[in-house]
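Below is one structure, written out as structure tokens, with a few remarks after it.
Read-outs throughout are calculated quantities, based only on the coordinates presented, and are distinct from any laboratory measurement. For clarity, every value in this text was computed on a predicted model and none was experimentally measured. Cβ: placed from backbone, ideal geometry, glycine included. Neighbour counts: every protein chain shown.
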Amino acid sequence: MLLDSTIRILLIEDEEFDVRRVRSTIQPFEDQIRIVEIASNGDTALELLNARKDQFDVVIMDLQIAGGVMGESLIRAIKRISSSLQIIVITKMTVNITDFDFANKLLRAGAFWYCTKYPTDIENYIYQPTDFILSIVNAYQRKILEGAQSRSERKLLRNVEDKLSNVRILGISEHIQKVRAQIKQLSATDATVVITGQSGTGKELVAANIHYTSKRKLENFVAVNCGGIPDELVESELFGYEKGAFTGATSQKPGLFEVADHGTLFLDEISELPAPAQVKLLRVLQGGEIEKIGRTEKIKVDVRIIAASNKILQNEVLAGRFREDLFYRLNVVPLSISPLKDRPEDILVLWEHFMREMSVDMGKQPPETEERAFEFIKKYSWPGNVRELKNVVQRLLLRNENMISLEVVKEVLPLHPLSSDLQSTEAVIHFHPEGDQSLREMEKYFRKKYFEYIRAHTSSDAEAARKLGLAPPNFHRMCKELGLKD
């Protein structure tokens with residue numbers, strides 16, 4: 001045998017004659033297999049393991065030991081102390097070689113292997129030496145593998161905890177508490193979920209929390225913005241293609257469903273999926289199989305779907321833009337996120353959190369916020385929701401102010417004339433250059449000004465689209481409609 005280290009044995013045996021036979025059986029390999037301790041009853045063995053569980057690799061135990069804990073109860077107690085410890089059972093019981101029920105009981109209790117002791121007239125060996133030694137070596141190797149697997153799982157769980165800390169859902173409002181409760185319920189199931197809410201409310205955050213608290217948490221969480229994929233590429237992105245499937249397909253490409261296999265696929269802005277992709281998605285939801293471009297056989301996938309939309313999908317169905325059968329397949333569990341303006345108690349929690357977090361990232365002390373400024377931001381309508389609030393905090397910190405005053409906040413907020421504290425009829429917007437206009441014209445004017453402002457404070461169209469909660473193609477189209485692009 002060639003082992004990197006010595007196999008350390010705890011022997012649980014109450015008959016000295018059998019102790020000698022175990023020693024004799026492993027004696028030719030004593031340089032690599034060593035009996036560290038001998039316990040004459042189950043209680044003593046458990047005390048030893050509780051005090052020194054890391055000092056043993058394999059337990060060899062008599063099934064019918066006298067006194068204290070014994071048999072299957074002792075096996076279970078040992079595995080509770082250390083699940084990676086491997087247990088070899090030796091018994092005097094006359095067991096028929098086809099007595100699978102007896103064997104299954106021992107294996108279900110946690111034993112690695114068992115053997116029937118040789119008759120007492122065989123004084124040198126407890127059991128056939130080659131088989132006995134091989135079982136000890138195999139048990140030790142399994143212990144090493146299980147230990148490595150356990151360490152890997154602990155590392156993965158720490159990664160999951162880190163991810164969860166990065167996607168915490170902050171807030172103290174009744175609505176947010178209800179959302180947390182819903183996430184807890186949904187994490188215990190594999191149900192398909194549709195999350196609705198305005199852009200910037202944190203729909204992907206909710207989806208990530210559902211995934212990382214579910215049984216799929218060690219698998220992939222794949223997020224895709226359906227509106228951000230050009231129509232002609234949707235099928236290849238979601239389902240992939242084989243090499244040579246079309247001109248330019250020089251290698252195989254796994255689709256997002258394959259990448260998310262056994263995990264969760266988050267389909268953001270699901271209402272933007274083109275009609276052909278909606279049909280294929282419906283087939284996947286119905287059969288659990290994907291049709292890959294260039295492949296005749298279907299591929300089985302196990303993916304949990306969480307979809308999201310800032311539009312009311314029922315209205316999209318009525319308008320003929322979204323398939324009714326797909327809607328019912330997706331809308332198993334609806335979850336709605338309220339806009340930030342409807343939960344003002346969460347605004348200050350988020351404000352202070354982003355102030356602290358971003359200040360640490362910038363290597364500075366978070367500035368104080370004036371009470372008047374607090375009152376203002378609580379009443380502000382936050383049309384961009386949490387995303388806008390975070391963006392505003394970032395812009396304020398870049399100003400290097402020691403005190404965030406009301407005036408500074410108003411300078412940074414592009415929409416402060418629309419604050420909810422403006423209640424009187426005098427507060428109606430009337431700053432169109434051509435005077436009073438129809439509601440439609442005012443909406444267009446406001447959208448154009450806001451688009452101009454966002455684009456002026458971002459480095460690219462893609463970043464501007466992201467801040468506005470739009471897919472890049474939709475951003476480009478709306479800019480053309482507003483006369484901002486040719």
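What range in the chain is the longest one free of GluC sites (Glu not before Pro) that are in a loop by DSSP and have at most 12 other Cβ atoms within 10 angstrom?
Numbers: sites that count: Glu30, Glu123, Glu297, Glu434.
Answer - 124-296.
Which chymotrypsin sites (Phe, Trp or Tyr not before Pro) from the range 173-254 combine a DSSP loop assignment with at most 16 other Cβ atoms within 10 Å?
Listed in order of number, the matching sites are Phe246.
Sort the range 133-186 into rounded, prolate or oblate with this rule: let a ≥ b ≥ c be the square roots of the eigenvalues of the Cα gyration tensor; rounded if a/c is under 1.5, and if a/c is not under 1.5, prolate when a/b is larger than b/c, oblate otherwise.
The shape class here is prolate.
Search the structure for amide H atoms under 5 Å from the amide H of Tyr118, placed 1.01 Å from N in the peptide plane, and list their residues when 5 or more places away or on another chain.
Correct list: Tyr127.
Can you classify the range 191-330 as rounded, prolate or oblate using the Cα gyration tensor, where a ≥ b ≥ c are the square roots of its eigenvalues, rounded means a/c under 1.5, and otherwise it's prolate if a/b beats b/c and oblate if not?
It is oblate, given that a/c is not under 1.5 and a/b is not larger than b/c.
Hey, got a sec? Which trypsin sites (Lys or Arg not before Pro) in the range 157-217 land in a DSSP loop and have at most 15 other Cβ atoms within 10 Å?
Arg168, Lys215
If one computes the Cα centroid of the range 185-246 and of the range 1-80, what distance in Å separates the two points?
Centre-to-centre (Cα) distance: 50 Å.
Report, in whole Å, the centroid distance computed from the Cα atoms of the range 109-144 and the range 286-307.
Here the answer is 47 Å between Cα centres.
With an 8 Å cut-off on Cα pairs and a minimum separation of 6 or more residues, tell me the relative contact order of the chain in percent.
Relative contact order comes out at 11 percent.
Rank these for me by crowding, Met478, Met362, going from fewest to most other beta carbons within 10 Å.
Met362, Met478
To make sure I understand the rule: partners must be lysines, Cα under 28 Å from the Cα of Lys298, and not fewer than 8 residues away in the same chain. Which ones qualify?
Straight-distance partners of Lys298: Lys215, Lys217, Lys243, Lys253, Lys280.
Sum up the lysine pairs in the range 54-171 that clear both bars: alpha-carbon distance under 19 Å and a spacing of 8 or more or different chains.
On the way: Lys79/Lys105; Lys79/Lys143; Lys92/Lys105; Lys92/Lys117; Lys105/Lys117; Lys143/Lys155; Lys155/Lys163.
Count of close lysine pairs: 7.
Counting other C-beta atoms within 10 Å, and keeping those with at most 14, which DSSP coil trypsin sites (Lys or Arg not before Pro) do you find in the range 439-486?
When the trypsin sites (Lys or Arg not before Pro) of the range 439-486 are filtered for loop state and at most 14 Cβ neighbours within 10 Å, Lys485 remain.
In terms of the Cα gyration tensor, with a ≥ b ≥ c the square roots of its eigenvalues, is the chain rounded because a/c is under 1.5, prolate because a/b exceeds b/c, or oblate?
Because a/c hits 1.5 or more and a/b exceeds b/c, the chain counts as prolate.
Under 5 Å between amide hydrogens, which residues at least 5 positions from Ile87 or on another chain qualify, with H placed 1.01 Å from N in the peptide plane?
Val59, Phe112, Trp113
So who's got an amide H within less than 5 Å of the one on Ala223, skipping anything under 5 residues away but keeping other chains? H placed 1.01 Å off N, in plane.
The answer is Phe266.
Relative contact order of the range 168-338: what whole-number percent is it, with Cα pairs under 8 angstrom and at least 6 residues apart? All intermediate terms of the calculation are to be shown ahead of the outcome.
On the way: 307 pairs, mean separation 54.1, N = 171.
Result for the range 168-338 is 32 percent.
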